[in-house]
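Data block below; observations after.
The values are calculated or read from the model by the stated rules, or taken from the named source; none is laboratory data. Remember, predicted model here, so these are calculated numbers, not experimental data. Neighbour counts are summed over all protein chains in view; Cβ atoms, including those assigned to glycine, are modelled from backbone coordinates with ideal geometry. Side chains are part of the model used for accessible areas, which takes the heavy atoms of the whole protein and leaves out ligands, DNA and RNA. Shrake-Rupley method; radii C 1.70, N 1.55, O 1.52, S 1.80 Å.
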Amino acid sequence: MLQGGKGDRDSFSSKFGVLAALAGSAIGLGNIWRFPYVVGQNGGGAFLLVYILFIAAIGIPVMMSEFVIGRSAQLNPVGAFKKIAPGTKWHLVGMLGVVSVFIIFSFYTVVAGWTLEYVIQSVRWILFPEKFGFASMDNAALTQFFSNHYESFTSGLWRPIIWFFVMMLLTGYIVISGVKNGIEKVAKILMPIFLVILLILVTRSVTLGGGREGLVFLFKPDFTQIKEEPFRIILEALGQAFFSLSIGMGTLITYGSYIKKKENLASTAVSVVAADTFVAILAGIAIFPAVFAFGIDPADGPELVYKTLPVIFQNMAGGLIWAFMFFVLLCFAAVTSTISMLEVIVAYLSEQLNMSRKKATLLSMISVGFLGTLCTVSPDVFAIFNASPDLMLPLGGFFIVTFIGWIFSRDKSSKELSSDGTRNIGYHKLFMFLVKFVAPLAIAFLFALGVYSKVITLFPSIG
Ligand code: PFF
C-alpha cells in the first residue's frame with residue numbers, strides 16, 4: 001500500500017489491512033488526549049450525547065462520501081476533484097483539505113512528542129523511584145508533581161522541539177520507505193495490545209474512590225452548560241467528531257483511493273466509526289473516575305490526560321511499567337495517524353506536482369517542521385492551530401457531502417458503493433437522503449451559528 005506517486009499506484013493488501021490502516025488513522029491522540037478534555041470542558045454527558053448523534057448522522061455519510069470520491073478517482077484530494085469534476089472549482093475543496101491537514105499535522109506531532117517525553121520519564125521513574133519520592137506522596141502531591149512536570153517541559157524550549165522532530169522523523173521514515181507490510185503488520189499486533197492495556201486502565205480507574213462520580217459526569221446528560229453556550233459547544237462537538245474520524249480534509253479520500261474495488265465501503269465506514277467511538281468512550285471511562293478521585297478539574301484543558309494518567313498508574317501495582325507500555329503504544333497510535341496526514345500531502349505533491357515520493361516527503365517535513373516549531377514556542381499559535389479543526393473540517397465536510405449529494409450522479413455513487421453492482425446496497429436511498437439534505441443542512445446551520453457565537457465572544461458589542 002501507499003507507494004503511490006507517478007502512476008505506480010498501489011493498494012491496501014487485504015480487508016484487515018484496510019481496517020487496520022483506517023482505524024490507525026482514526027484512533028489516536030484525538031481519542032485519548034483531545035476527546036476527554038473537550039468532554040471535560042463542555043459539560044460531560046450532554047456533550048457526549050451530541051457527539052454520538054453527529055458521529056452517526058453526519059460522520060458516517062461524510063466518511064462514505066470521501067471513500068466514494070477517492071476510490072472512484074484513484075487520486076489525492078485535489079487530483080480526485082479535478083478528475084471527476086473537470087473544469088470546475090471543486091478541486092479547491094481538495095486544496096482546503098491539504099491546508100487543513102498541514103495545520104493539524106503540525107500541532108498534532110507536537111502533542112505526540114509530549115507522549116514521548118512520558119515514555120522517557122516513565123523509564124526514569126521506574127529506574128529511580130526513590131529520587132522522585134513517589135512512595136511518600138499522597139494523591140494531591142502526586143497530581144501536583146505531574147502538573148508541574150507537564151508545565152515545565154511544555155513551556156521549556158528544547159525538549160518539546162526535540163520530541164516533535166523525533167516524531168516527525170519517525171513518520172517521515174515510514175512514509176518514505178512506504179513500509180507497507182511493516183505498518184500493516186505492526187498495526188495488527190500493537191492496536192490489540194493497546195486496547196488490552198486501555199481496558200486494564202479502565203478497570204483500575206473505575207474501582208478508585210471517585211469512580212461513580214466520574215461515570216455520572218461522563219454518561220449522565222446534564223444540559224446546563226450547553227444551555228449557556230449552545231452554539232459554541234455544539235460546533236466543538238462537530239469539530240471533535242470530524243477530527244477523531246479523520247474526515248473533512250481528504251485524508252480518507254486519499255486512503256479511499258488505496259481501497260480495492262471489491263471491498264465494501266459502507267461496512268468499512270461503519271466499522272471504523274464504531275471502533276473509533278468505542279476507544280474514545282473507553283478513554284473517557286479511564287480518565288473521569290480518576291479525575292474525580294484525585295480532585296483534578298475536569299475542565300483543565302489540554303493537560304488533563306497528561307496529569308491524570310500518571311496518577312492512575314501510580315496507584316496500580318507495577319504502575320510504572322504499565323505507564324511505560326501505555327505511552328509507547330499511545331505514541332504508536334499517534335504515528336499511525338500522523339502517517340495518514342503525511343500521506344495526504346505526499347500524495348498531493350507527488351501526483352499533482354510530479355515530485356518523487358522522497359522529495360515530496362522531505363519538502364512536507366521541512367514545512368511542517370517550521371510550523372510545528374512555531375507551535376512549540378508560541379502557546380497562541382498552538383491554541384489557534386488546535387482550535388482550527390472545529391471550523392475547517394466541518395467546512396470541508398460540507399462541500400464533500402454536497403458534492404456527492406448534488407453533483408456526483410446517483411448512478412455513479414451507487415456503482416461505487418455496490419462494487420460495480422456486485423453488492424446489495426439497500427441503504428442507498430437513506431445514504432442519498434443524508435448526503436443531500438441532512439448532513440449539509442445540519443453542518444451549514446451549526447457552522448453558521450458556531451461562527452456567529454465565536455464572533456460574539458470576540459466582539460461582544462455586536463451581540
Ligand atoms: N483522527 C486522528 C485522531 O483522532 O487522533 C487525528 C487525525 C488523523 C486528524 C488524520 C487528521 C488526519 F488527517
Exercise for review: Examine region 109-120 for a residue that is surrounded by fewer than 18 Cβ atoms within 10 Å (Cβ to Cβ) and within 28 Å of G369 (Cα to Cα), and state whether such a residue exists.
Suggested key: yes
Check your understanding: Among the residues of region 176-197, is there at least one that is without any contact (Cβ under 8 Å) to a residue 40 or more places away in the chain, under 24 Å from Q314 (Cα atoms) and either acidic (D, E) or part of a helix (DSSP H, G or I) (or both)?
Key -> yes
Check your understanding: Can you pull out the residues in region 133-160 that are open to solvent by 30 Å² or more (accessible area, probe 1.4 Å) and of a type in the set (A, V, I, L, M)?
Key -> A135, M137, A140, A141, L157
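Might you let me know whether region 396-408 holds any residue that is within 13 Å of the ligand (Cβ to nearest atom), open to solvent by less than 10 Å² (accessible area, probe 1.4 Å) and either of a type in the set (S, T, N, Q) or over 20 Å from F153 (Cα atoms) (or both)?
Within region 396-408, the subset within 13 Å of the ligand (Cβ to nearest atom) is 396-397.
Those still in the list that are open to solvent by less than 10 Å² (accessible area, probe 1.4 Å) too: 396-397.
Now narrow it down to the ones that are either of a type in the set (S, T, N, Q) or over 20 Å from F153 (Cα atoms) (or both): 396-397.
Among the residues of region 396-408, at least one is within 13 Å of the ligand (Cβ to nearest atom), open to solvent by less than 10 Å² (accessible area, probe 1.4 Å) and either of a type in the set (S, T, N, Q) or over 20 Å from F153 (Cα atoms) (or both), which makes the answer yes.
I'm trying to understand the selection: among the residues of region 241-256, which are part of a helix (DSSP H, G or I) and open to solvent by 10 Å² or more (accessible area, probe 1.4 Å)? Break it down into steps so the answer makes sense when it comes.
Our first condition is that a residue be part of a helix (DSSP H, G or I); within region 241-256, this holds for 241-245, 251-256.
The one that is part of a helix (DSSP H, G or I) and open to solvent by 10 Å² or more (accessible area, probe 1.4 Å): F243.
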Review point. Counting only residues that are within 14 Å of the ligand (Cβ to nearest atom) and hydroxyl-bearing (S, T, Y), how many does region 77-123 have?
Key: 5
Check your understanding: Which number in (1) away from the ligand (no atom under 15 Å from the Cβ); (2) within 20 Å of the chain's Cα centre (by Cα); (3) crowded, with 24+ Cβ neighbours inside 10 Å marks the one condition that L49 misses?
Key -> (3)
Review point. Of the residues that make up region 227-247, is at least one among the hydroxyl-bearing types (S, T, Y), out of contact with any strand residue (DSSP E or B) (no Cβ under 8 Å at 6 or more places or on another chain) and within 16 Å of the ligand (Cβ to nearest atom)?
Key: yes
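Given G43, G7, G24, which one is within 16 Å of the ligand (Cβ to nearest atom), modelled with pLDDT under 95 and either within 21 Å of G239 (Cβ to Cβ) or not charged (D, E, K, R) (or both)? Show your work before the answer.
Details: G43 fails: within 16 Å of the ligand (Cβ to nearest atom); G7 fails: within 16 Å of the ligand (Cβ to nearest atom).
Criteria check complete, one pass: G24.
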Revision key, fill the gap. Only unsatisfied item for G70, checking (1) crowded, with 24+ Cβ neighbours inside 10 Å; (2) away from the ligand (no atom under 16 Å from the Cβ), is (2)
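Please work out if V123 is among the β-branched types (V, I, T) and open to solvent by 10 Å² or more (accessible area, probe 1.4 Å). First the steps, then the outcome.
Working: among the β-branched types (V, I, T): yes; open to solvent by 10 Å² or more (accessible area, probe 1.4 Å): yes.
When the stated conditions are applied, V123 passes them.
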Practice item. For region 328-349, name all the residues that are β-branched (V, I, T) and over 21 Å from V119 (Cβ atoms). Key: V344, I345, V346
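Evaluate the following for V78: is it open to solvent by less than 10 Å² (accessible area, probe 1.4 Å), under 18 Å from V401 (Cα atoms) and either β-branched (V, I, T) or not in a loop (DSSP other than H, G, I, E, B) (or both)?
Values: open to solvent by less than 10 Å² (accessible area, probe 1.4 Å): yes; under 18 Å from V401 (Cα atoms): yes; either β-branched (V, I, T) or not in a loop (DSSP other than H, G, I, E, B) (or both): yes.
Spelling it out, V78 is indeed open to solvent by less than 10 Å² (accessible area, probe 1.4 Å), under 18 Å from V401 (Cα atoms) and either β-branched (V, I, T) or not in a loop (DSSP other than H, G, I, E, B) (or both).
Out of V346, V368, V335, which single residue is open to solvent by less than 10 Å² (accessible area, probe 1.4 Å), under 28 Å from A80 (Cα atoms) and modelled with pLDDT of 95 or more? Please lay out each step first, then the result.
Details: V346 fails: modelled with pLDDT of 95 or more; V335 fails: modelled with pLDDT of 95 or more.
The unique qualifying residue is V368.
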Point to revise | Leading residue by the ranking (farthest from F408 (Cα to Cα)) among those in region 426-441 that are among the aliphatic types (A, V, I, L, M) and open to solvent by less than 30 Å² (accessible area, probe 1.4 Å) | key: A439
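Go through region 329-417 and tell me which helices (runs of 4 or more DSSP H), entirely inside it, have 2 or more residues that are under 27 Å from M167 (Cα atoms).
Details: elements: 357-377, 379-402, 410-417.
Passing ranges, in order: 357-377, 379-402.
Within region 27-40, track down each residue that is open to solvent by less than 10 Å² (accessible area, probe 1.4 Å) and either within 15 Å of the ligand (Cβ to nearest atom) or modelled with pLDDT under 95 (or both). Can you show your working first?
Of all residues in region 27-40, those open to solvent by less than 10 Å² (accessible area, probe 1.4 Å) come to 28-36, 38-40.
G28, L29, G30, N31, I32, W33, R34, F35, P36, V38, V39 - these are the residues of region 27-40 that are open to solvent by less than 10 Å² (accessible area, probe 1.4 Å) and either within 15 Å of the ligand (Cβ to nearest atom) or modelled with pLDDT under 95 (or both).
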Point to revise | Selection count where residues are aliphatic (A, V, I, L, M) and under 16 Å from the mean Cα position of the chain (by Cα), scope region 100-135 | key: 6
Check your understanding: Taking the stated definitions as given, is K89 open to solvent by 10 Å² or more (accessible area, probe 1.4 Å), under 30 Å from T361 (Cβ atoms) and among the basic types (K, R)?
Key -> yes
Practice item. Would you be able to say whether some residue in region 349-358 is open to solvent by 10 Å² or more (accessible area, probe 1.4 Å) and hydroxyl-bearing (S, T, Y)? Key: yes
**Study point:** Residue pairs meeting the criteria (Cβ under 7 Å; at least 6 apart or on separate chains; first in contact (Cβ under 8 Å) with a residue 24 or more places away in the chain and farther than 12 Å from V335 by Cβ, in region 17-29; second open to solvent by 10 Å² or more (accessible area, probe 1.4 Å) and among the basic types (K, R))
**Key:** A20/K188
Check your understanding: Are there any pairs with C-beta distances below 7 angstrom linking a residue in region 371-395 that is open to solvent by less than 30 Å² (accessible area, probe 1.4 Å) to a residue that is among the acidic types (D, E), with the two at least 6 apart or on different chains, and if so which?
Key -> D390/E236
